[in-house]
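A short write-up of the structure that comes next.
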Ligand SMILES: [Zn+2]
């Protein structure tokens, strides 16, 4: 029976409940821990309290599971995640894999495809890093202006690991969404195990692209929800525009392939704290879902996107 790996152990897909499939508990740039300001960046009780409260707030509006897609080197801290999940009783699914090249540590950059395939498989089946806590998904990313050789290698390794284990892949790097799909398909990945993330980036909206990817079987991530006018990010835009994307994809028959999330950071370690007070894990359920309902999307359709789809995507 396929199960979902959370940081507290495997669970039945029915235990996922309302799930946000693309979030970050911790997010950083590798190397911060060696800076003289490290203590300032990561005052553990303060960071714990902030994320603990965010997770309880998410739970208060009906949230049950958060998927952390930070991965190796950009903040993933297994023991910290275990404590957060234990004390909040919110399921946390952590990932193996990487963000784009500039946040891949040299140690890993110097290694090849077989190493990475085995690394991903090991983290999914035995445990992440030196722990016995298993990853639940594979994250891969590419840069905004190009798709580097190193990045392509991580995509190919992710496809091989996914083929072997069945785990889902979550991507990053909207400008190259079609190339992501090509590489993964070339490596034999099952598109129904892949979420192409961030397709709601303001600078790269393309509904025809989204439909084409969905026709091939991929999941379509509209997962920057809540990154609106307050943000200087190039991908920011009003949530109302995201609702238009969701409506059009539902009209086109792709309800079962839409993924929704906030892509927010519980704590940005050593970086400018991203977001507003409102842009926390709870935003999706507290502010976005009521707008979906008002736009004519039904409770059933919302249940499909937030409960049924995650239960299809995550188990292996
Ligand atoms: Zn993200």
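Coordinate-derived values only; no laboratory data. Everything numeric in this text was worked out from a predicted model, so none of it was measured.
Determine the gain in length on full extension of the stretch residue 291-residue 29; use 0.36 nm per residue of separation and subtract their C-alpha separation, reporting nm with one decimal.
Full-extension gain reported as 90.9 nm.
Roughly how far apart, in whole Å, are the Cα centres of segment 249-316 and segment 123-173?
Using only Cα atoms to place each centre, the spacing works out to 22 Å.
Report the residue, chosen from 178, 294, 241, that carries the largest GNM mean-square fluctuation when the chain is represented by alpha-carbon nodes joined by springs under 10 Å.
Greatest mean-square fluctuation among the candidates belongs to 294.
Please work out whether segment 1-108 counts as rounded, prolate or oblate from its C-alpha gyration tensor, where a ≥ b ≥ c are the square roots of the eigenvalues and a/c under 1.5 means rounded, while otherwise a/b larger than b/c means prolate and anything else oblate?
Because a/c hits 1.5 or more and a/b fails to exceed b/c, segment 1-108 counts as oblate.
With a ≥ b ≥ c taken as the square roots of the eigenvalues of the C-alpha gyration tensor of the chain, please select rounded if a/c is under 1.5 and otherwise prolate if a/b is larger than b/c or oblate if it is not?
rounded
Fully extended, how many nm does the chain gain between residue 148 and residue 186 (0.36 nm per residue separation, minus their Cα-Cα distance)?
Between residue 148 and residue 186, full extension yields an extra 12.0 nm.
Can you show me the helix-derived [θ] at 222 nm for the chain, built from DSSP H runs with n ≥ 4 at -39,500 (n - 2.57) apiece and divided by the number of residues, rounded to the nearest 500.
-10500 deg cm²/dmol
Which translational diffusion coefficient, to the nearest whole µm²/s, is obtained for segment 76-172 from the Stokes-Einstein equation, given a Kirkwood hydrodynamic radius over C-alpha pairs, 37 °C and 0.692 mPa s?
Value of D from the Cα-based Kirkwood radius: 238 µm²/s.
How big is the antiparallel share of DSSP beta bridges in the chain, given as a percent to the nearest 5?
Bridges in the chain that DSSP calls antiparallel: roughly 10 percent.
Would you work out the relative contact order for segment 197-251, in percent, from Cα pairs under 8 angstrom that are 6 or more residues apart?
About 37 percent, as a whole number.
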